[in-house]
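Below is one structure, written out as structure tokens, with a few remarks after it.
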Amino acid sequence: MDKFTTLTGIAAPMPLVNIDTDMIIPKQYLKTIKRSGLGSALFDEMRFDQQGNEIPDFVLNQPAYRDAQILVAGDNFGCGSSREHAPWALLDFGIRCVISTSFADIFYGNCFKNGILPVVLPQDAVDHLMEDAAKGANARITVDLEAQTVSASDGTVFKFEIDPFKKHCLLNGLDDIALTLEKVTAIDSFESDMQTRLPWV
Amino acid sequence: MTAPKTLYDKIWDAHLVESQPDGTCLIYIDRHLVHEVTSPQAFEGLRMTGRKVRAPGRTIAVPDHNVPTTEGRDTHIDNEESRIQVEALDKNARDFGIQYYPVNDIRQGIVHIIGPEQGWTLPGMTVVCGDSHTSTHGAFGALAHGIGTSEVEHVLATQTLIQKKSKNMKVEITGKLRPGVTAKDITLAVIGKTGTAGGTGHVIEYCGEAIRDLSIEGRMTVCNMAIEGGARAGLIAPDEKTFEYVKGRPHAPKGAAWEAALAWWKTLYTDEGAHWDKVITIRAEDIQPVVTWGTSPEDVLPITGTVPAPENFSGGKVGAVKRSLEYMGLKPGTRLTDIAIDAVFIGSCTNGRIEDLRAAAAVLKGRKLAPGVRGMVVPGSGLVRLQAEEEGLAQVFIDAGFEWRLAGCSMCLAMNPDQLAPGERCAATSNRNFEGRQGRGGRTHLMSPAMAAAAGITGRLTDVRELMGESV
């Protein structure tokens with residue numbers, strides 16, 4: 001997993017609430033057995049018509065936002081399924097950070113496993129950044145994970161909260177399986193204790 | 001004396017391997033269910049790092065999401081990508097030595113239906129699966145939730161998950177349900193009240209008389225949609241009905257082990273005075289048969305209602321409703337019962353069990369699908385299908401003009417060939433009405449099996465109570 005430290009980039013505004021995982025990556029793309037290559041299918045049914053032509057109004061099809069690395073989105077982003085294909089598609093497209101007032105739990109967790117930073121900010125901050133993002137390619141937003149700040153192009157700085165362990169893993173690009181396997185002795189002893197406590201499990 | 005605990009607290013504590021001062025915990029996982037769509041990359045990860053499956057005996061695999069539901073699928077799947085995923089699961093199950101129910105096994109079915117059916121799901125367990133509807137298993141008083149593929153790999157390799165504890169939320173349904181109102185109406189009504197983010201960061205415990213009165217299958221329907229309310233998991237304390245359901249299942253404990261298990265299961269309830277971070281109370285008698293009108297499961301109204309207008313909402317929901325109505329092809333003020341449908345889908349992990357099929361068949365018996373309406377019944381497992389055939393339900397569906405399919409997820413997420421065409425409108429017993437969910441441009445109205453059957457008969461969304469008479 002790639003580290004996430006700081007990012008300065010174009011932010012695409014997506015003011016819609018409840019952007020669900022089926023919008024982010026429709027099911028026909030879940031048939032892959034790989035993690036890579038899903039960027040071309042990101043937001044497929046919003047981005048392309050049934051003939052596969054780009055829908056010009058869709059934000060990521062607009063020239064200013066084709067290279068966006070940040071999304072600023074409405075409430076409850078990523079609701080719906082557990083498909084990790086959603087963050088895989090975002091990452092493959094080039095999105096490394098999503099800013100919203102709230103995220104669905106599973107999607108939120110999945111982002112951290114893939115080097116994507118989901119930032120939760122209050123409504124007024126998201127509104128400010130949404131307006132900033134709407135200015136197009138000349139308005140760059142900076143996200144600093146170490147400092148836990150998002151800076152709008154007008155210099156306004158918003159501080160965000162994040163779980164310290166998740167932050168540590170993302171800053172250092174750590175693989176949690178390797179971290180957990182260091183605790184194998186604790187897992188072994190839990191299992192043997194469980195054999196006594198709950199032997200039928 | 002220890003502080004009073006919720007059911008969630010008790011299960012959490014019983015599975016805590018380790019906790020850090022910042023609240024990051026390592027939780028032991030008792031059952032890991034695996035399907036073909038969200039697992040290939042996880043197994044690939046194990047191969048690349050030379051890791052093994054730590055507890056193959058706790059890991060159960062079944063293909064369900066993209067398998068066709070038509071005959072002949074055991075020898076050939078036309079769609080190459082789907083076939084490759086099913087073959088990959090087959091190989092991964094074999095290579096890593098995990099329990100496996102292949103597509104030609106009568107016990108194959110939707111992962112959340114076969115887990116309980118086979119007795120893999122037991123009270124007090126932790127159950128995970130790379131699928132958000134894992135919350136279904138909470139009906140047994142098991143802490144069950146969906147995980148992403150990276151976490152699937154983490155559980156395969158370590159049999160644990162790194163977690164922070166969620167908050168406790170109580171959803172109480174007091175009193176008794178009125179006739180024609182079902183578990184599906186309860187769970188939709190709750191989401192209609194709390195919104196799709198109302199449960200975010202919480203584990204919900206459903207309680208109250210109306211929940212106690214539900215069968216275990218009805219409880220599964222309720223917990224199944226906890227995720228649509230944003231909750232990490234849904235739970236219902238186990239009781240005699242739970243123990244009765246579990247007893248004698250192939251993987252349930254037997255003999256002395258059963259007695260020991262039962263003794264512990266009987267301690268699995270929320271203590272008097274336990275702390276709730278959030279409480280929602282709904283009177284069962286206020287719940288009507290409901291349907292969804294929009295593209296979010298929170299877009300719920302009683303069937304007697306009318307399509308709302310964007311102006312009825314505030315904030316970001318105004319734009320979302322405008323978009324929804326356009327997508328759904330609906331005008332504000334239209335009576336829900338005036339909405340004509342093209343298809344009926346009965347099945348899914350929400351409503352693909354035998355009682356669901358019985359409820360739909362009770363409405364359909366002696367009646368037929370309205371002209372031009374396509375109906376599809378997809379039993380949740382091969383065993384449900386067999387039982388429905390033995391009980392004569394299959395014949396009721398066939399006589400009414402429904403297609404009688406093989407088990408799988410089918411048109412709930414339309415990964416297999418079972419899909420809506422653009423603009424087609426479906427009365428569905430599944431769990432999500434998202435844009436494109438049942439096929440690009442497809443329009444989904446969520447409802448109970450009895451309501452879906454009623455819609456099939458009249459060809460429009462229908463209050464099932466109008467059809468309830470001698471036949472129901």
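Some values worked out for this structure:
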item	result
Test: residue in region A:115-131 that is within 13 Å of chain B (Cβ to nearest Cβ), among the aliphatic types (A, V, I, L, M) and surrounded by fewer than 16 Cβ atoms within 10 Å (Cβ to Cβ)	no
Count - residues of region B:67-94 that are open to solvent by less than 30 Å² (accessible area, probe 1.4 Å) and at positive phi	0
Some residue of region B:138-146 being closer than 20 Å to B:GLY218 by Cα and assigned to a loop (DSSP other than H, G, I, E, B)	yes
Which listed residue is within 21 Å of A:PRO199 (Cα to Cα) and either modelled with pLDDT under 95 or not polar (S, T, N, Q) (or both), from B:HIS275, B:HIS251	B:HIS251
Subset tally (residues that are more than 8 Å from chain B (Cβ to nearest Cβ) and either open to solvent by 20 Å² or more (accessible area, probe 1.4 Å) or in contact with a Cys (Cβ under 8 Å, 6 or more places away or on another chain) (or both)) for region A:66-77	5
Filtered residues of region B:247-267 (kept if without any contact (Cβ under 8 Å) to a residue 60 or more places away in the chain and under 23 Å from the mean Cα position of the chain (by Cα))	B:LYS247
Looking only at region B:193-214, and only at residues there that are crowded, with 21+ Cβ neighbours inside 10 Å, more than 14 Å from chain A (Cβ to nearest Cβ) and not acidic (Asp, Glu), the one that is nearest to B:LYS317 (Cα to Cα)	B:TYR206
All strands (runs of 3 or more DSSP E) inside region B:375-472 with 1 or more residues being out of contact with any strand residue (DSSP E or B) (no Cβ under 9 Å at 6 or more places or on another chain) and closer than 20 Å to B:LYS365 by Cβ	none
Any hit, region B:4-14, residues being at the interface with chain A (Cβ under 9 Å from one of its Cβ atoms) and either under 23 Å from the mean Cα position of the chain (by Cα) or crowded, with 24+ Cβ neighbours inside 10 Å (or both)	no
Test result for A:THR156, modelled with pLDDT under 95, more than 7 Å from chain B (Cβ to nearest Cβ) and open to solvent by 30 Å² or more (accessible area, probe 1.4 Å)	no
Complete set of residues in region A:135-145 that are out of contact with any Gly (no Cβ under 7 Å at 6 or more places or on another chain) and more than 21 Å from A:PHE103 (Cα to Cα)	A:LYS135, A:GLY136, A:ALA137, A:ASN138, A:ALA139
Hey, B:LYS170 open to solvent by 30 Å² or more (accessible area, probe 1.4 Å), charged (D, E, K, R), away from every other protein chain (no Cβ under 12 Å) and part of a loop (DSSP other than H, G, I, E, B) or not	no
Output for region B:411-426, where each listed residue is more than 12 Å from chain A (Cβ to nearest Cβ) and closer than 18 Å to B:ASN351 by Cβ	B:LEU420, B:CYS426
Filter pass, B:ALA261 being within 14 Å of another protein chain (Cβ to nearest Cβ) and at pLDDT 95 or above	yes
Helices (runs of 4 or more DSSP H) contained in region B:181-237 and holding at least 3 residues in contact (Cβ under 8 Å) with a residue 60 or more places away in the chain	B:183-194, B:216-224
Matching entry among B:GLY115, B:GLY119, B:GLY124, B:GLY97 (being crowded, with 23+ Cβ neighbours inside 10 Å and modelled with pLDDT of 95 or more)	B:GLY115
Matching entry among B:THR270, B:THR306 (being open to solvent by less than 50 Å² (accessible area, probe 1.4 Å) and either within 12 Å of chain A (Cβ to nearest Cβ) or more than 19 Å from the chain's Cα centre (by Cα) (or both))	B:THR270
Tally of residues being open to solvent by 30 Å² or more (accessible area, probe 1.4 Å) and either β-branched (Val, Ile, Thr) or in a helix (DSSP H, G or I) (or both) across region B:154-167	1
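Okay, residues lined up against (1) under 16 Å from the mean Cα position of the chain (by Cα); (2) of a type in the set (Gly, Ala, Ser):
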position: B:VAL384; (1), (2): yes, no
position: B:GLU390; (1), (2): no, no
position: B:GLY401; (1), (2): no, yes
position: B:ALA407; (1), (2): yes, yes
position: B:ASN416; (1), (2): no, no
position: B:LEU420; (1), (2): no, no
position: B:GLY442; (1), (2): no, yes
position: B:LEU446; (1), (2): yes, no
position: B:ILE457; (1), (2): no, no
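The values are calculated or read from the model by the stated rules, or taken from the named source; none is laboratory data. The model shown is predicted, which means the values in this text are computed figures rather than measured ones. Neighbour counts run over all protein chains shown; Cβ positions are idealised from the backbone, glycine included. Side chains are part of the model used for accessible areas, which takes the heavy atoms of the whole protein and leaves out ligands, DNA and RNA. Shrake-Rupley method; radii C 1.70, N 1.55, O 1.52, S 1.80 Å.
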